[in-house]
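I have placed the structure first, in the form of structure tokens, so that the comments after it can refer back to it.
Read-outs throughout are calculated quantities, based only on the coordinates presented, and are distinct from any laboratory measurement. Bear in mind the structure is a predicted one, so any value in this text is a computation, not a measurement. Here the Cβ positions follow ideal geometry from the backbone for every residue, glycine too, while neighbour counts run over all protein chains shown.
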Amino acid sequence: MSAPAVSRASVSPTSPASPTFSVVICVYTEDRWEDILAAVSSVRAQSRPALETLLVVDHNEALRERLLKEYAQGEGAEHEAEHEGREVRVLANAGPRGLSAGRNTGIAASRGEVIAFLDDDAVAERDWLGHFAEGYADPAVVAVGGRTVPVWASGRRPDWFPEEFDWVVGCTYRGLPPGRVRVRNVLGGNASFRREAFDAAGGFATGIGRDGDKRPLGCEETELCIRLSRARPGAVLLIDDRAVIHHRVPEPREHFAYFRARTYAEGLSKALVARSVGAEKGLESERRYATRVLPAGVVRGLRDAVLARPGGAGRAGAIVAGVLTAAGGYAVGSLRARRGGAAFSSAPVGEGAHG
């Protein structure tokens, strides 16, 4: 999950030349074919054009070949596509299976001064990149994230699902203040980084986030952002809630079984982050979240239950269950880390990305 804000951002009114953007979308399954096309279309429709869109395919040759055909460009078309910000490049993940290596492949192959990341099952609003660009008016800003809104497969939020846990489905959660705010880390599916951030801190760590395994791990962006802040002590990371994407939540993720699995996996992932960067920084924002945001959510749920509002007791119970399962995952992950050491690599972004 992304971190609660620590202070309001101060952005200089004087702006250097607006940076160029490369947008990286990591894909892995043909089951999301229509979602992938919609994500690319939303980038092509930006009011502030991207230099390029890079589709990084995670060890799925059939999908890569299909995408190459979909976005094939004949001679003479490439220059026009680049000029309009509509160029799409299809790459194979040059590293091990997983989201982190896919992102690193995109970073290595990209040409923009800023690299933005969009989930393969999300669509960006028209001014998404424009709001990102505004954040980089301050040269101290090295990363800008946005607001991710859930699009529920059933058409509406399940009554029992607490907004405080929207990070479970990859979305912005209750507890973050509105506006443009300074944060510890951005949310990986709706984020951007200056290229120099990766030069300073290296790429996304492999072995933390999703890697094709059924367990829904995460936190690779958290670990990177903490590492970046250590490498660049004066670095500023922002979330601007005007930079909006709409993220599809499939029907299986609307059920409590997924909620429980995801919160447990978050605990496992947080244990790896804490081992990498230390518990003080690795859990700094989570302490505020657990001691302020979640108790307030339980109180709201119980109040709604007393007032006979739908789902109140379920939301309060889900918050308690989420805390307990995440704590259990953290305990198990900490034990495993002590026994076996860190099971991930945060080496610099590699080269050799290929199309």
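How much net charge surrounds Ile36 when only other residues with a Cβ under 15 Å from its Cβ are counted (Lys, Arg +1; Asp, Glu -1)? Net of charged neighbours comes to -3.
For His59 and Ser47 in one chain, what is 0.36 nm times their gap in residues minus the Cα-Cα distance, to one decimal in nm?
On the way: separation 12, 0.36 × 12 = 4.32 nm, distance 3.25 nm.
Taking 0.36 nm per residue and subtracting the Cα distance, the gain is 1.1 nm.
Scanning residues 5 or more positions from Arg180 or on other chains, those with amide H under 5 Å from its amide H are Asp241, with H placed 1.01 Å from N in the peptide plane. Put simply, the amide H of Arg147, placed in the peptide plane, has neighbours under 5 Å in Ala243, Val244, Ile245, leaving out anything fewer than 5 places away on its chain.
Fewest neighbouring Cβ atoms within 10 Å first, the residues Val332, Val306 line up as Val306, Val332.
Which of rounded, prolate, oblate describes region 7-253, given a ≥ b ≥ c as roots of the alpha-carbon gyration tensor eigenvalues and a/c under 1.5 marking rounded, otherwise prolate only if a/b is larger than b/c? The shape class here is rounded.
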